[in-house]
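The structure appears right after this line, and notes come after that.
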Amino acid sequence: MVLVDTTVWIDLLRGRGSPPVMTLRQLLTDGQAVTAPVILQEVLQGASGPDSLQRLRDHFLSLPMVEPAAGGLTHAAAGELYARCRWQGITPRSPHDCLIAQLAIEHDIPLLHDDRGFEALARVDGRLRLMAVAAAP
């Protein structure tokens, strides 16, 4: 299983052929791509209209989803990750990125992304495993 960040889903939906999108296509074929509630939220926010919203909602709700821990523990740990980044002079682009990173850490699965911000998060918390993607030929 691989948690796929919003950036890669959006590139797939836009028809881009980047190396992360090609990897995502293979993960989908193999049944290995998973999402998370926060990623669902980010994707739906970009819907172009009611029909698009419904198609995206139906598709993403059919995918395997990793859930945050009960009692707010995941969100607390994501907030702590954000704070640890700041202490090291790094300002994460989005609190959602910290939540996505924390979900990957908690579920012990790699994260497929196309956002340099996750590289910084992985330097702060070495438990975050980023999926290596080969560059296009």
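The values are calculated or read from the model by the stated rules, or taken from the named source; none is laboratory data. Since the model is a prediction, treat every value here as computed from it, not as a measurement. A quick note on method: Cβ atoms are made from the backbone with ideal geometry, for glycine too, and the neighbour counts reach across all protein chains shown.
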| query | How many residues, within segment 106-126, are more than 23 Å from Pro19 (Cα to Cα) and either of a type in the set (A, V, I, L, M) or at pLDDT below 95 (or both)? | reply | 1
| field | Complete set of residues in segment 1-35 that are buried (at least 20 other Cβ atoms within 10 Å of the Cβ), without any contact (Cβ under 8 Å) to a residue 40 or more places away in the chain and within 15 Å of Arg129 (Cβ to Cβ) | value | none
| If you scan segment 94-137, which residues turn out to be of a type in the set (Gly, Ala, Ser) and free of Cβ contacts under 8 Å to residues at least 24 places away in the same chain? | Ser94, Ala122, Gly126, Ala132
| field | Complete set of residues in segment 98-113 that are surrounded by fewer than 19 Cβ atoms within 10 Å (Cβ to Cβ) and outside any helix (DSSP H, G or I) | value | His107, Asp108, Ile109, Pro110
| task | Enumerate the pairs (first residue in segment 70-83 and free of Cβ contacts under 8 Å to residues at least 40 places away in the same chain; second residue anywhere and not in a helix (DSSP H, G or I)) with beta-carbon separation below 6 Å, excluding pairs fewer than 6 apart on the same chain, so at least 6 apart or on different chains. | result | Thr74/Pro68; Tyr82/Pro92
| Residue tally, condition in a helix (DSSP H, G or I) and closer than 14 Å to Ile100 by Cα, over segment 1-58 | 11
| field | Val43 vs. criteria within 17 Å of Thr7 (Cα to Cα), of a type outside the set (Ser, Thr, Tyr) and touching a Phe, Trp or Tyr at 6+ places or on another chain (Cβ under 6 Å) | value | yes
| query | Quick one: in segment 59-71, which of the residues that are in a helix (DSSP H, G or I) and of a type in the set (A, V, I, L, M) is farthest from Leu111 (Cα to Cα)? | reply | Ala70
| request: May I ask you to verify whether Leu40 is in contact (Cβ under 8 Å) with a residue 24 or more places away in the chain and more than 20 Å from Arg14 (Cβ to Cβ)? | output: no
| Tally time: how many residues in segment 1-16 are in contact with a Lys or Arg (Cβ under 9 Å, 6 or more places away or on another chain) and among the small types (Gly, Ala, Ser)? | 0
| said: Taking the criterion of being closer than 17 Å to Ile109 by Cα and either hydroxyl-bearing (Ser, Thr, Tyr) or exposed (fewer than 14 other Cβ atoms within 10 Å of the Cβ) (or both), would at least one residue in segment 75-95 satisfy it? | reply: no
